[in-house]
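Encoded as structure tokens, the structure appears first; notes follow it.
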Amino acid sequence: MKLSDWCFGPSHLSLRLPALIGGTIYIYAAYNLTRRLTPRPLLQSTLLICFLWNPFCMDYMVAARGYGLALGFLTLSLATLAKTLQTPAPRS
């Protein structure tokens, strides 16, 4: 918040910018995570809807305190972990 306030000045958008960035990261990571979890398109879309419409996560996305960024980066780390565990280990 301090960085966006310093760059863009005090406004409603600059105070909510970290939450918007966190929401974008969360949507991207949730999409990648659902693609990694199952190959079935119907189950992928159902899981994505459950991730995105979760009221507990939505509550964190509107607070301008950094919770959205934290949740976005947590989901991104889970998607990266799923990607890492899914790829085979290199042979030595």
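Each value in this text was obtained by applying a stated rule to the coordinates, not by laboratory testing. From a predicted model like this one, the values you see are computed outputs, not experimental measurements. Positions of Cβ are generated from backbone atoms using ideal geometry, with glycine treated the same way; all protein chains shown enter the neighbour counts.
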Quiz item: For labels at LYS2 and THR38 in the simple 7 Å Cα→Cβ model, what's the distance in nm?
Solution: 4.4
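Multiplying the sequence separation of LYS83 and SER45 by 0.36 nm and subtracting their Cα-Cα distance, what value in nm do you get?
Gain on stretching LYS83 to SER45: 11.8 nm.
Helix by helix through the chain, keep the DSSP H runs that span 27 Å or more along the axis on Cα and average at least 0.0 on Kyte-Doolittle, and give those back in order. List each step's numbers first, then the result.
Working: long enough: 12-37 (37 Å, 0.50); 67-86 (28 Å, 1.12).
In the chain, the long hydrophobic H runs are 12-37, 67-86.
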Quiz item: Longest segment of the chain with no trypsin sites (Lys or Arg not before Pro) in a DSSP loop having at most 13 other Cβ atoms within 10 Å?
Solution: 1-64
Practice problem: Just grab the label-to-label distance for VAL62 and LEU13, each label 7 Å out from Cα along the Cβ direction, in nm (one decimal). | Solution: 2.1
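Cα-Cα pairs above 22 Å in the chain: how many percent?
Here the tail beyond 22 Å accounts for 38 percent of pairs.
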Practice problem: Loop only per DSSP, at most 12 neighbouring Cβ atoms within 10 Å: give me the chymotrypsin sites (Phe, Trp or Tyr not before Pro) in segment 52-92, ordered by residue number. | Solution: TRP53
